[in-house]
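> Could you have a look at this structure, given as structure tokens, before my questions?
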Amino acid sequence: MRLPLREMRRTPSRFLVATVVLAFLSTLLLFLGGLLDGLYLGSTGAIRAQQGDVIVYSASARESFLRSRITSELRAEVAVAPGVSEVGGLGFVLLGAQVPGESELADVAVAGYELAPAGVPAPPADGEGVADSRLQDQGVERGDTILVGPAATPITVVGFVDDTAYLLQGSVWVNLTTWRAVQNANRPDATVTDEVVQALVVRGEGGPAALADAIDSATDGATSSLSIDDAVLALPGVKQQRDTFNQITYTTLVVVLAVVGLFFSLLTIERVGLYGVLKAIGATTTRLFVGVMVQAVVVAVVAFALGSGLVLTAAAALPAKVPLQLVPGRFVFTFVGVLVAAVLGSAISLRRVTRIDPASAIGTSS
């Protein structure tokens, strides 16, 4: 164990190229993961925060809030479905908002609700809203009255909550009366009457899948019900973004494996004579291979540390509009991925190590 570490201390330049390449690959993995997390969290926060079991849309809406309409009659049918214990209306409208003291419009998602999402208080009074904290980056402060949409509908911000954005727009949580007023004033092509909502958040018994089936059966197919997790994936682009970024991430990990494998295979060829001498004096193949793996782990750890520093520096320099969000779980996933790929890559050199014959290797080196 001491010999491979001593080699790294005495000849660090031998491992420099592999470390630099892995550092940039680690940066790429963290950056892509940060973009994925930023897009995912920024698009889905308002749905992930819902404290219910099922979200109910109208059947023709194709799981879209903006196309869905739930009437009071349909809501009554949902409320008496087997297993349903509580029902609350939900609606969204995407608009620009004039912020006091700011020249640019802020992108907002006005969300009307009855059942409070996680971290969100009970519905505020008419004309008031609780804003997502990302709107603070656009100049919104507590007590501000923002003017929403072309009709400049006023909403007074009375507080802030975290991680409740919707489709990359900071949400403003209002009661349903205020939501309908904003919707009707600014979206005359999509007006809603009293008691109409876009969707329902339902709490009940029996598990989300069974509850969704019971609701859709009770309404004779007039509704389409999804669990919260499925509703998150039904948001526009969320599943496609996640799948694309995951494919890129796993492909990059394969590249890490290939880089480490190639590097240590070449290094093994250079060390044939040394390994022959070590085998001649009693070193086992296992011991030699463990030394190779230790060096691969050290290279991976150093490279990941450098990559983490680079991506944190980049995150600090990028504007707030770039949806880059670095979460601890992403660092853990990337570190484990790089480490496993490095170990597997170093294992490629095992075949060469096991085939080294002390006598021929020493003769060749001499």
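Only the coordinates and a few stated rules stand behind these numbers; no lab work does. Small disclaimer: the values here were computed from a predicted structure and weren't measured. All Cβ positions, glycine included, derive from the backbone under ideal geometry; neighbour counts span all protein chains shown.
> Identify, among Asn175, Gln198, Ser217, the residue whose Cα sits farthest towards the positive end of the charge dipole of region 167-220, taking +1 on the Cβ of Lys and Arg and -1 on the Cβ of Asp and Glu, with the dipole about the Cα centre.
Value: Asn175.
> Obtain the nm distance between the two label points defined at Val290 and Ala151 by a simple spin-label model: each point lies 7 Å from its Cα along the Cα-to-C-beta direction.
Label-label distance for Val290 and Ala151, simple model: 7.5 nm.
> Report, in deg cm²/dmol and to the nearest 500, the calculated mean residue ellipticity at 222 nm for the chain, where each DSSP H run with n ≥ 4 adds -39500 (n - 2.57) and the sum is divided by the residue count.
-17000 deg cm²/dmol
> Suppose a student asked you for the relative contact order of the chain, using Cα pairs under 8 Å spaced at least 6 residues apart; what percent would you report?
Answer for the chain is 28 percent.
> Can I ask one more? Counting alpha carbon pairs within less than 8 Å and at least 6 residues apart, what relative contact order, in whole percent, applies to region 122-256? Before the final figure, lay out the partial values.
Working: 134 pairs, mean separation 25.5, N = 135.
It rounds to 19 percent for region 122-256.
> Something else about it: What ranking of Thr44, Thr11, Thr19 emerges when the number of other C-beta atoms within 10 Å of each C-beta is taken as an exposure proxy, fewest first?
Ranking Thr44, Thr11, Thr19 by Cβ neighbours within 10 Å, fewest first, gives Thr11, Thr19, Thr44.
> What translational diffusion coefficient, in µm²/s and rounded to a whole number, does the Stokes-Einstein relation yield for the chain at 20 °C and a viscosity of 1.002 mPa s, taking the hydrodynamic radius as the Kirkwood radius over Cα pairs? Don't skip to the end; give the middle numbers.
Numbers: Rh = 24.2 Å.
D = 89 µm²/s.
> Still on this model: Residue separation times 0.36 nm, minus the C-alpha to C-alpha distance between Leu266 and Thr71: what's the value?
63.2 nm
> OK, next. Count the DSSP beta bridges whose two residues both fall in region 46-234, then state the antiparallel fraction as a percent rounded to the nearest 5.
Of all bridge pairs located within region 46-234, approximately 75 percent are antiparallel.
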